[in-house]
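Comments concern the structure below.
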Amino acid sequence: MNLFGNGVNVLLKKVTSLLLAIALVPMAAFSATAASAPVAPKAVQNAVKVEYNKKQIAFPDQAPIINQGRTLVPIRPIAESLGFEVKWNEQTRTVTINKGKDNIRLVVTQKIANKNGQTINLDVPAQIVNKRTVVPVRFIAEALSYKVEWDPKTQTVLIADNVNPNQVSQQEKPKDPTKPATDEKKPEQVALIDKESIEGKSTTVAVIGLYRVTGKVDPKADLTVVIEDDAHEVEVNPDGTFKLQINGDEGIRSFTVKAEKDGKQDTFEGEFISID
């Protein structure tokens, strides 16, 4: 009995040693792997900053970003720092920016903006990031008429007032109202459209799109509504209200309202709201 008991004890000791060795192998391997693995850096790149006249602009919830080589900046903090009033229409996903006589409108996902009735092409469309509308930095120069430069060393967008005409962006130069236009005569921009009243709605029956545009303009204005490439002359009621209803291809998203009176013009660009 003693021999048998001693043999069991020896066997148990060997089994225990074997199990302990097996248990230590993966721990040793894990420790070696963890020791050799590089530590991830805390930041892969410096944050993009924006300065106006050498003073940094604060972005409380969404900083500027670089996306596919394009610098995109949140428009509201910048525009408000430059003295503009910014409004957002959730239904049409439209940003409206006003300062003095300047009225700028842009629609999210569209590569165009509208400034005082004139179209401005964007490098990339306006986007929604973290519930904030971001635009290509060139938009600040072309639509808001400020000098914009990029400092790659500090990754900073430098915005400055256009005090020198030679510093103005080639895409848009300030106009001297005391000098007559020499190249072409464009209609003077005035407020002929009640922009808050304009509404576009759409629905689809089978594969046919049904579109309706309503609103209010100057009762004496000549009104045209452009949908896709088709321009529709619309009759204006004595009280200035109008309504256009047409059929067309499904999937049309935007429209343009143009009002003209005595050689003066006003333009509004909007998006259809689906009521399906």
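The values are calculated or read from the model by the stated rules, or taken from the named source; none is laboratory data. Predicted, not measured: the structure shown is a model, and the values here were computed from it. Using ideal geometry, Cβ is built from the backbone for each residue, glycine included, and neighbour counts are taken over all protein chains shown. SASA here: full protein model, heavy atoms, side chains in, ligands and nucleic acids out. Shrake-Rupley method; radii C 1.70, N 1.55, O 1.52, S 1.80 Å.
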Burial ranking of peptide ranges 86-93, 73-80, 53-60 (average Cβ count within 10 Å, highest at the top): 73-80, 86-93, 53-60
Rounded FRET efficiency, nearest 0.05, which uses the C-beta distance separating residue 58 from residue 210 and R0 of 41 Å: 0.35
For residue 273, residues with placed amide H under 5 Å, excluding near neighbours: 200, 201, 202
Check: region 46-119 dipole with +1 on Lys, Arg Cβ and -1 on Asp, Glu Cβ, in debye: 220 debye
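What pairs in 195/243; 195/264; 55/115; 54/111; 99/201; 54/101 have C-alpha atoms more than 23 Å from each other?
Table pairs above 23 Å Cα-Cα are 55/115; 54/111; 99/201; 54/101.
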Rounded percent of accessible protein surface that carbon and sulfur make up, region 79-142, 1.4 Å probe: 44 percent
With all protein chains modelled, accessible area of residue 272 [1.4 Å, Å²]: 20 Å²
Net charge of neighbours whose Cβ lies under 15 Å from the Cβ of residue 237, counting Lys and Arg as +1 and Asp and Glu as -1: -3
Accessible surface ranking that places the most exposed of 233, 142 first, with a 1.4 angstrom probe: 233, 142
Per residue accessible area of region 80-153, 1.4 Å probe, in Å²: 50 Å²
